[in-house]
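Below is one structure, written out as structure tokens; comments come after it.
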Amino acid sequence: MDDLDRRLLNRLQHGLPLVREPWVALAAELDSDEAVLRQRVQALLDDGTLTRFGPMFDIERLGGAFTLAALRVPEERFEEVAELLACMPEVAHNYRREHVWNMWFVLGCASYAEIEGCIGLIEVATGLRVLNLPKEETYHVGLHFPL
């Protein structure tokens with residue numbers, strides 16, 4: 001990762017400029033070229049430095065539903081279960097935690113009924129109980145990881 005990659009990732013953590021041509025504006029900010037910046041983002045995705053790049057939507061404001069969930073996965077099955085969840089379009093992401101509930105994930109669906117159905121499918125597919133932790137209140141945390 002070079003200086004341009006670092007500056008690009010630092011800037012993108014605050015979102016793209018909300019203008020008609022965001023990549024042009026971003027290129028001007030970073031003294032670069034829009035095609036170069038897009039290529040850099042794709043290269044960072046391809047080499048695994050970035051795992052995703054895209055918009056964040058408030059699914060509830062769009063009429064959908066989401067929940068935080070967790071599983072207690074035996075270590076010998078961790079990768080198998082992680083791959084199963086990664087293949088599900090309803091799963092936004094999943095990650096390991098150092099806790100008895102060691103796999104956490106976010107489910108996004110069109111309705112709360114679909115969340116319940118998805119949880120049921122996960123339980124049947126894995127043989128594991130899902131801990132469902134629906135949101136009670138919204139907080140906005142401006143998270144930034146300076147590089």
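For A86, state whether it is without any contact (Cβ under 8 Å) to a residue 40 or more places away in the chain, within 26 Å of W101 (Cα to Cα) and surrounded by 13 or more Cβ atoms within 10 Å (Cβ to Cβ). Let's see the steps before the verdict.
Working: without any contact (Cβ under 8 Å) to a residue 40 or more places away in the chain: yes; within 26 Å of W101 (Cα to Cα): yes; surrounded by 13 or more Cβ atoms within 10 Å (Cβ to Cβ): no.
No, not satisfied.
In segment 102-115, which residue that is over 19 Å from the mean Cα position of the chain (by Cα) and touching a residue at least 12 places away in the same chain (Cβ under 8 Å) is farthest from K135 (Cα to Cα)? Step through it out loud before you land on a result.
So in segment 102-115, the residues over 19 Å from the mean Cα position of the chain (by Cα) come out as 111-114.
Now narrow it down to the ones that are touching a residue at least 12 places away in the same chain (Cβ under 8 Å): 111-112, 114.
Numbers: S111: 14, Y112: 12, E114: 16 Å.
Among those that are over 19 Å from the mean Cα position of the chain (by Cα) and touching a residue at least 12 places away in the same chain (Cβ under 8 Å), it is E114.
Kindly indicate whether T51 is in contact with a helix residue (DSSP H, G or I) (Cβ under 7 Å, 6 or more places away or on another chain) and either closer than 19 Å to F105 by Cβ or at pLDDT below 95 (or both). Break it down stepwise before answering.
Numbers: in contact with a helix residue (DSSP H, G or I) (Cβ under 7 Å, 6 or more places away or on another chain): no; either closer than 19 Å to F105 by Cβ or at pLDDT below 95 (or both): yes.
Criteria not met by T51.
Show the residue pairs meeting these rules: Cβ distance below 6 Å; 6+ apart or different chains; first residue within segment 3-16 and at pLDDT below 95 and assigned to a helix (DSSP H, G or I); second residue of a type outside the set (A, V, I, L, M) and surrounded by 15 or more Cβ atoms within 10 Å (Cβ to Cβ).
none
Just one of (1) in contact (Cβ under 8 Å) with a residue 12 or more places away in the chain; (2) assigned by TED's automatic domain parsing to the domain that holds G108 trips up L30, so point out which.
In the conditions (1) in contact (Cβ under 8 Å) with a residue 12 or more places away in the chain; (2) assigned by TED's automatic domain parsing to the domain that holds G108, L30 misses (2) alone.
Among the candidates V130, V73, which residue alone is surrounded by 15 or more Cβ atoms within 10 Å (Cβ to Cβ), touching an Asp or Glu at 6+ places or on another chain (Cβ under 8 Å) and not polar (S, T, N, Q)? Steps first, please.
Values: V73 fails: touching an Asp or Glu at 6+ places or on another chain (Cβ under 8 Å).
From the options V130, V73, the qualifying one is V130.
The values are calculated or read from the model by the stated rules, or taken from the named source; none is laboratory data. In this text the structure is predicted, and so the values were computed from the model without any measurement. Cβ atoms come from the backbone with ideal geometry, glycine included; neighbour counts cover every protein chain shown.
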